[in-house]
Amino acid sequence: MPGLENPDILDSDRIPPSDIAAALTKAPFTYPDGASQIFTEDGRTSYIEDGRPTAGEWGVDAEGRFWSSWPPSYRAVYDVTWIVEPDGQVVGVRFTDIGTGSTSEGRYAASAAR
């Protein structure tokens, strides 16, 4: 990827609410299970798993947390933190579900430098 180098950002640093949109829309994400996801600036998202896309919405709530919503009734709120390699490259975002504590790691797709 298109990682970004920033010596002030450490692995697992919380992404400030004002930076969440830029972090999510920087490039498509890939996940360890082969799924991918695209976030657009207008609050839409598409999650592709086994070639099947699912459309959803996303935003930042009043507490500064990322949320996503998937029809017909799924909604979750996440803490979002940076994934940073030992060499200082920011390579993705870690999503931790506030309700369950489950974590997923989205890495910026290598072919999508923006």
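The values are calculated or read from the model by the stated rules, or taken from the named source; none is laboratory data. Model, not experiment: these values are computed from the prediction. Note that each Cβ is placed from the backbone with ideal geometry, even for glycine, and that neighbours are counted across all protein chains shown.
Please return the ranges of strands (runs of 3 or more DSSP E) entirely within region 44-110 where 2 or more residues are in contact (Cβ under 8 Å) with a residue 12 or more places away in the chain and more than 17 Å from LYS26 (Cβ to Cβ). Even if it seems obvious, please write down each step before you answer.
Details: elements: 44-49, 52-60, 66-70, 74-84, 89-97, 103-108.
Counting at least 2 such residues, we get 44-49, 52-60, 66-70, 74-84, 89-97.
Out of everything in region 12-41 that is touching a residue at least 40 places away in the same chain (Cβ under 8 Å) and aliphatic (A, V, I, L, M), what residue ends up being farthest from VAL60 (Cα to Cα)? Reasoning before the result, please.
Narrowing region 12-41 to residues touching a residue at least 40 places away in the same chain (Cβ under 8 Å): 12-17, 20, 23-24, 26-32, 36-37.
If we keep only those that are aliphatic (A, V, I, L, M) as well, we get 15, 20, 23-24, 27.
Working: ILE15: 12, ILE20: 8, ALA23: 12, LEU24: 11, ALA27: 18 Å.
So the residue we want is ALA27.
Every residue, every condition in (1) in contact with a Lys or Arg (Cβ under 9 Å, 6 or more places away or on another chain); (2) over 22 Å from THR100 (Cα atoms), yes or no:
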{"residue": "TYR31", "(1), (2)": "yes, no"}
{"residue": "SER36", "(1), (2)": "no, no"}
{"residue": "THR40", "(1), (2)": "no, yes"}
{"residue": "ILE48", "(1), (2)": "no, yes"}
Among (1) among the hydrophobic types (A, V, I, L, M, F, W, C); (2) at pLDDT 95 or above; (3) touching a Phe, Trp or Tyr at 6+ places or on another chain (Cβ under 8 Å), there is one condition ILE9 misses while meeting the rest; what is its number? (2)
Collect the residues in region 70-114 that are of a type in the set (Phe, Trp, Tyr) and surrounded by fewer than 12 Cβ atoms within 10 Å (Cβ to Cβ), keeping them in residue-number order. TYR74
Could you check region 22-43 and list, in sequence order, the residues that are surrounded by 18 or more Cβ atoms within 10 Å (Cβ to Cβ) and either in a loop (DSSP other than H, G, I, E, B) or among the aliphatic types (A, V, I, L, M) (or both)? ALA23, LEU24, LYS26, ALA27, PRO28
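One line per residue, one yes/no per condition, for (1) closer than 17 Å to VAL90 by Cα; (2) touching a Pro at 6+ places or on another chain (Cβ under 6 Å); (3) at pLDDT 95 or above:
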position	(1), (2), (3)
PRO28	yes, no, yes
GLY43	no, no, yes
ARG52	no, no, yes
SER73	no, no, no
